[in-house]
1. Quick one: which residue in ASN131, ASN144 is modelled with pLDDT of 90 or more, under 19 Å from the mean Cα position of the chain (by Cα) and not assigned by TED's automatic domain parsing to the domain that holds SER395?
2. Of the residues in region 192-204, how many are surrounded by fewer than 23 Cβ atoms within 10 Å (Cβ to Cβ) and either basic (Lys, Arg) or touching a residue at least 40 places away in the same chain (Cβ under 8 Å) (or both)?
3. Of VAL211, VAL206, which residue is of a type in the set (Val, Ile, Thr), within 16 Å of ASP149 (Cα to Cα), at pLDDT 95 or above and in contact with a strand residue (DSSP E or B) (Cβ under 8 Å, 6 or more places away or on another chain)?
4. Would you call LEU94 part of a helix (DSSP H, G or I) and farther than 22 Å from ALA34 by Cα?
5. Among (1) of a type in the set (Val, Ile, Thr); (2) in contact with a Ser or Thr (Cβ under 8 Å, 6 or more places away or on another chain); (3) assigned by TED's automatic domain parsing to the domain that holds CYS121; (4) not in a helix (DSSP H, G or I), which single condition is ILE282 missing?
6. What single numbered condition from (1) among the polar types (S, T, N, Q); (2) within 17 Å of ILE328 (Cα to Cα); (3) exposed (fewer than 15 other Cβ atoms within 10 Å of the Cβ) fails to hold for SER47?
7. From the list LEU253, LEU281, LEU270, LEU338, which residue is out of contact with any Pro (no Cβ under 9 Å at 6 or more places or on another chain), over 30 Å from ASN197 (Cβ atoms) and surrounded by 15 or more Cβ atoms within 10 Å (Cβ to Cβ)?
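The values are calculated or read from the model by the stated rules, or taken from the named source; none is laboratory data. Computed from a prediction, not measured in an experiment: that's the story for all the values here. Here Cβ is always computed from backbone atoms with ideal geometry, including for glycine, and neighbour counts include all displayed protein chains.
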Amino acid sequence: MQARRNFLKRMAIATAGFSILGHFKANGAGVADASHALQQLTPEQGSYNEDLWNQIRLAYPISRGVIYLNSGGVSPHPKVVQDALFRYHQLANLGPSLYMNRHLKKEVPPLRRKLAALAGCQVEELSIKRNTTEALTTVIMGLNLQAGDEVVLARQDYPNMVHAWKQREKRDNITLVWVDLPMPSDDGQQLIEIYKNAFTRKTKVVHLTHVNNWTGQMLPVKDLCRLAKERNIQTVVDGAHSFAQINFRIDDLDCDYFGTSLHKWLSAPLGTGLLYVRKSLISQLWPLYATADPYSDSIYKFEGQGTHDLPNEMAIGEAITFHEMIGIDRKEARLRYLKKYFAKKISSHPRIKMLTPEDPQFSTCLVSFDIDGTTNKDIDMMVRDLLLKYNVLASIVNWAELKGIRVTPNVFTNLKDLDQCSEAIIELIES
């Protein structure tokens, strides 16, 4: 108990940098100028212009006392998003049933059009959700599957999705067919063959994680969706770590269902996400929350959970504007540059084993690595020490025999942050 008290005391001291008073700095001046300057450069040229990206950094009122490297969990919002969220909450609280239900609801259709244009789908195929888990659980629990039907998924898929599929297995006696993905892998054909070999005439659904949350491993989802379609297999895509981080459109993937969280790489308000359902399949998918007509072909049947946090949803629009101001090509190039820079800094250490592919075709900005000679408990303590001793916030990899540390930079991350993080990691390894 004494050890626990000491740890909590140290944690409180280390996280004091998150205090609002005296530690948060917000200055949006120069962000538009920096964005304009980046537009004059190629994405590659702009990716390593630290002066311009440091101007973008000023748009985020993040703690300067902590190096935040867990945008793969939840990203901070730019100040314009925080300000919009505050304004919408103020408006709603003037009289919730009046201002939220009448005034704010009028702004929902334009927001949907803006979000659909960003996502690359029809407005009639898009439902605003709270996160990837809610979006994909709607699909997993709503699909018409019978006992003996097979669903193919990977052991390395996100835990909440794995748990949802296991619940359907227990409830409806469907059969889960598991594949093991080699990580890291730069062999797209090998990844395709792994899924292809798992398909049988009983396969009804394949669950695909576009970018693996543990390692950043990217699947050739477009090719896998095409392969599944040829076999009349429905495709469910987890896009939590691809949406707004890499340049793609949902309609390019040709998947049947897609879910993502907007509070990660779009930097939208906490608890925002989206669900895409192919128009022709909406009537066949049961809503997660009961509705008057579960066989309706309207996408709105998936939003029957009661009162919505409309201020939260409406502020998504500001996040989209900020995202588009930077530009997805420039943003992706910057994130890939940061990933490459950090991976190079740590990968030469003899005890570090990279879990993230080097080939940009199969990876994004997530960087994960294991450390030879360590246990899961050792990794847990190292991540704690990164925060307690060095004020670096990273995350733990511990799932499906994967073990290690994950670092996820964002557009507000600069090279000094990554230098400090890499130096801290090496010091901890050698201590």
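1. None of the other options fit; the residue is ASN131.
2. Number of matching residues: 8.
3. Answer to the selection: VAL206.
4. The answer is no for LEU94.
5. All conditions are met except number (4).
6. Evaluating SER47 over (1) among the polar types (S, T, N, Q); (2) within 17 Å of ILE328 (Cα to Cα); (3) exposed (fewer than 15 other Cβ atoms within 10 Å of the Cβ) leaves (3) as the failure.
7. Exactly one residue qualifies, and that residue is LEU270.
The rows are residues; the columns are (1) surrounded by 20 or more Cβ atoms within 10 Å (Cβ to Cβ); (2) touching an Asp or Glu at 6+ places or on another chain (Cβ under 8 Å).
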{"position": "SER185", "(1), (2)": "no, no"}
{"position": "GLY188", "(1), (2)": "no, yes"}
{"position": "VAL211", "(1), (2)": "yes, no"}
{"position": "LEU219", "(1), (2)": "yes, no"}
{"position": "LYS222", "(1), (2)": "no, yes"}
{"position": "ARG226", "(1), (2)": "no, yes"}
